[in-house]
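Read-outs throughout are calculated quantities, based only on the coordinates presented, and are distinct from any laboratory measurement. Note that the structure is predicted; figures quoted are calculated from it, not measured. Positions of Cβ are backbone-derived with ideal geometry, glycine not excepted, and every protein chain shown enters the neighbour counts.
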Amino acid sequence: MPAALPISGDLVNVPLLDLVAQHGAIADEILPAAMAVIERQGFIMGPEVGQLEAAIAALSHVGHAVACASGTDALLLPLRALELKPGDEVICPSFTFFATAGAVHNAGGRPVFVDIDPASYNVAPEAVEAAITPRTRAIIAVHLYGQMADMGRLKEMADRHGVVLIEDAAQAIGARRRVGRDWRMAGELGWVGTLSFFPSKNLGGWGDGGMILTQDAGVAQRLARLRLHGGAKQYHHDEVGFNSRLDTIQAAILLVKLRHLAGWSAARRERAARYGELLRAVPAVRTPAVDADAEHIFHQYTIRAERRDALVAHLRQAGIGCAVYYPVGLHLQPCFADLGYRAGSLPETERAMAEVVSLPIFPELNDGQQDAVVGAIREFYQ
Ligand SMILES: Cc1ncc(COP(=O)(O)O)c(C=O)c1O
């Protein structure tokens, strides 16, 4: 979520995210990997890019992965591959980061916003079904805050209507969900799944980066071409594409961090469980609902709170980092005014906009810091 860069160091008592602590713990591993790229001056499409693609494809149980320049481009490239015509519709949530719908617009499509399930904040499958029309070409499910949407129902629906299902897994790398009897990874069941390596993500680089996951070799080939100006062979262009490569140095850094990802996600889950216990005694706060069929990776720990804006002011005053993801749904953004949505169009989205706040969560968050967060919340409601 690019709007809220991590706050760390002395400015606050408890940062929302502490990347300085993460870096301190792995500097000995990561600096030589970055330095190796620098010393050989091999910055573009070096071997680490393919190694990272293979490693993340294996983690996500997909046949193919295509690294690209950002999580935004990871959405844009497959949407461009759909060759949308004016008026073609792509169903997506409004309660998400802007890129989800921005990419639809930039690929020539019309975003159709649907409401969320108030417990998970993910798209409500029945709202998706109701929004399908003969113009629908794709559904984008965003796995918000690190918990997967109901992929079983969404996949069945997409297949039945003959439209593609895109998983925006920018916030959910390595998350799982039980579909039927099997655990499925984020990005495994969709036509494509998309990842972001923005620095604040659970697997974040030292700048922008993204990846597209797919089971389809033909789709992977087309996307790999689109990321390199539309040509499989240098200076030969089959179609007009983009310059959307992942830098080799980012791939080298991400390969090192990937070794820690499972441990980091487990630590985030453990911290989330502890918040749940500590906040049980605060009735004005609703802690996140974890679906019994989902393994949440807690990219964010997002509560619903009474008098949310006053609580945010109090936490900031107390030196506690916090953020509202997202204060304005995309259906109410001025740039989408011509789509005709109004206040009241998506009631659950609008309720969430007014009630949610994300608290500090990161693998290095210690008991004392967490106690300080909960202490400040208790103090506010007393
Ligand atoms: C849900 C979602 N989709 C897409 C993106 C875009 O990713 P990026 O910032 O890497 O372009 C983000 C991240 O910011 C996101 O949270």
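Label segment 1-138 by shape, choosing from rounded, prolate and oblate, from the square roots a ≥ b ≥ c of the eigenvalues of the Cα gyration tensor; if a/c is under 1.5 it is rounded, and otherwise prolate applies when a/b is larger than b/c, oblate when it is not. Oblate.
Scalar couplings 3J(HN,Hα) for segment 147-155, obtained by applying the Karplus form with A = 6.51, B = -1.76, C = 1.60 to θ = phi - 60°, are 10, 5, 5, 6, 5, x, 5, 5, 5 Hz; x denotes Gly and Pro.
Cβ crowding within 10 Å, taken as a proxy for footprinting-reagent exposure, orders Met353, Met211, Met185 from fewest neighbours to most as Met353, Met185, Met211. Rounded to two decimals, the Cα-based Rg/Rh of segment 66-115, with Kirkwood Rh, is 0.96. Taking the square roots of 5 times each eigenvalue of the Cα gyration tensor of segment 275-348, largest first, gives ellipsoid semi-axes of 27, 18, 12 Å. Here is the tail figure for segment 103-179: Cα pairs spaced more than 18 Å apart come to 38 percent of all pairs.
Prolate is the label for segment 190-302, because a/c, from the alpha-carbon gyration tensor with a ≥ b ≥ c as root eigenvalues, is 1.5 or above and a/b exceeds b/c. Using a Gaussian network model of the chain in which every pair of alpha carbons under 10 angstrom is joined by a spring, one finds that among Pro134, Pro15, Pro288 the greatest mean-square fluctuation is at Pro134.
Evaluate 2.2 N^0.38 Å with N set to the residue count of the chain, then give the Cα radius of gyration divided by it.
For the chain, the normalised Cα radius of gyration comes out at 0.97.
Which value in deg cm²/dmol, rounded to the nearest 500, describes the helix-derived mean residue ellipticity at 222 nm for the chain, given -39,500 (n - 2.57) per DSSP H run of n ≥ 4 and division by the residue count? Could the numbers behind the result be given before it?
Values: 11 runs with 148 residues, N = 382.
-12500 deg cm²/dmol, from helical runs alone.
Each peptide in 137-144, 123-130 receives the mean, over its residues, of other Cβ atoms within 10 Å, and ordering these scores from highest gives 137-144, 123-130. Basic side chains Lys and Arg get +1 at the Cβ, acidic Asp and Glu get -1 at the Cβ, and with that the dipole of the chain about its Cα centre reaches some 240 debye.
By average Cβ neighbour count within 10 Å, what is the ranking of 168-175, 39-46 from highest down?
The densest-packed peptide leads the list: 168-175, 39-46.
Please say if segment 75-203 is rounded, prolate or oblate, where rounded means a/c under 1.5 for a ≥ b ≥ c the square roots of the C-alpha gyration tensor eigenvalues, and otherwise the choice is prolate for a/b larger than b/c and oblate otherwise? In terms of gyration-tensor shape, oblate. Neighbour counts of other Cβ atoms within 10 Å put Thr136, Thr194, Thr96, Thr214 in the fewest-to-most order Thr136, Thr214, Thr96, Thr194.
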